[in-house]
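Just so it is clear, none of the values below were taken in a lab; they were calculated from the coordinates. Quick caveat, the model's predicted, so the values are computed rather than measured. Because the Cβ atoms are built from the backbone with ideal geometry, glycine has one as well, and the counts that use them run over all protein chains shown.
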Amino acid sequence: MTVDLQDLERRALEALAAAQNAEALDAWRVAYLGKKGELTLAVRGVGQLPAEERPAYGKVANEVKDRLEAAYSARLEALKQEELERALRAAQVDVTLPGRRPQLGRLHPATQTLRAIYAIFARMGFQVFRSREVETDQYNFELLNMPPHHPARDMWDTFYVNEQVVLRTHTSPGQIHAMRAHCPAPIRVILPGKCYRYEQVTMRHEMQFHQVEGLAVGRNITMADLKGTMVHFARQMFGEERRLRFRCSYFPFTEPSVEVDMDCIMCKGAGCRMCKQTGWLEIAGAGMVHPVVLRNGGYDPAVVAGFAFGMGVERIAILKHGIDDIRYFHGNDLRFVQQFA
């Protein structure tokens, strides 16, 4: 029987060497190692041998099986390598062709809008002043003329870290930081950054957004300076044909206070869904710095005056590009970002 197994092994190895593709190799596996293969049937025949011959026969059969399985694995790997080499030879590469350009990332539309705002105000002599996002209640409210229990605090839905620390609800606290950093020198700064409010997220409201605060302090500053600054900004950002109007409003840290509206960029003032049929779109809140705020910043309101304004960056981007839902800005949808080259 030992001779029969050796002959079977010799024939199997010869047939294995002749297999030139995956189909032939699989047919060989079925013919010799499958459930009805020659080696499998030979092993099952051990029960027909005398008891004293079975151990030797079984040992030889297992050795033959191990060698055939190892040869099969080696042949399978060799065939895979041969197929790979044939595929590489068939796919000829012209090394003189230009390479494929990697896909470049894009700036987020909020970042693009921020940079455009920086550039416009830089040309008007404003510097960028950074302030912190985590503020004390004192800077976020009290020094801006909103003492505890002041009803104006209801205008801001606040995230409280603890009783005295908040996530800033607006960039206006930066006014105090900027004034205290520059006093008694004149100031002309913008203060960009993120703000946070405990609000329900809708197509018009987000709990996290960007603002740009503007502040100018010095002698002989009037409301006319504020109006000229806002008109110039709007025409630089949205086009020279833009018209503005100023409506009386209320903010605790400015007096007088105004809302700045621009004629609707979509309908050119005729009335549409974006402007709620009014023909006007709000772009900023502004006003003359309140004397209490000037005093808290270290300035004498009897000697100097100032104006301030605040605008939402995402709102400016919405108006400039006709975006109809603020949630797109934080939706992580590349299809939205890729529209803004």
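Determine, from the Cβ-Cβ distance of residue 277 and residue 119 and an R0 of 56 Å, the FRET efficiency 1/(1 + (r/R0)^6), rounded to the nearest 0.05.
0.95
Name the long-range amide H neighbours of residue 169: under 5 Å, sequence gap of 5 or more, or other chain; modelled H, no Pro or chain starts.
Answer set, sorted by chain and number: 196.
Could I have the simple spin-label model distance between residue 81 and residue 133, label points 7 Å from Cα toward Cβ, reported in nm to one decimal?
So the label points at residue 81 and residue 133 sit 5.5 nm apart.
Can you tell me the alpha carbon radius of gyration of the chain divided by the globular rule-of-thumb value 2.2 N^0.38 Å?
Relative to the rule-of-thumb radius for its length, the chain sits at 1.94.
Using the Karplus curve 6.51 cos²θ - 1.76 cosθ + 1.60 with θ = phi - 60°, work out ³J(HN,Hα) for each residue of segment 69-76 in order, rounded to whole Hz, and write x for Gly and Pro.
Coupling constants for segment 69-76: 5, 5, 5, 4, 4, 5, 5, 4 Hz.
Please work out how much length the chain gains when fully extended from residue 41 to residue 56, using 0.36 nm per residue of separation minus the C-alpha to C-alpha distance, in nm with one decimal.
Result for the pair: 3.7 nm of gain on full extension.
Semi-axes of segment 103-196's equivalent ellipsoid from the Cα gyration tensor, sqrt of 5 times each eigenvalue, largest first, rounded to whole Å?
For segment 103-196, the ellipsoid semi-axes come out as 27, 19, 10 Å.
Rg (Å, one decimal) plus Dmax (Å, integer) for the alpha carbons of segment 2-90?
Here Rg and the maximum Cα pair distance are 15.7, 59 Å.
Under 10 Å, Cα contacts only: if you run a Gaussian network model on the chain, which one of 305, 91, 122 comes out with the highest mean-square fluctuation?
Fluctuation is largest for 91.
Mind checking the full-extension length gain between residue 201 and residue 163? Use 0.36 nm per residue of separation minus the Cα-Cα distance, one decimal, nm.
The residue 201-residue 163 span can extend by a further 11.2 nm.
Pairs of alpha-carbon atoms within less than 8 angstrom and 6+ residues apart define the contacts here; what relative contact order does the chain have, in percent?
Relative CO of the chain lands at 15 percent.
Residue 279's amide H: which non-local residues (gap 5+, or another chain) put their own amide H closer than 5 Å, with H modeled 1.01 Å from N in plane and none for Pro or chain starts?
Those qualifying (amide H under 5 Å, at least 5 residues apart or on another chain) are 271, 272.
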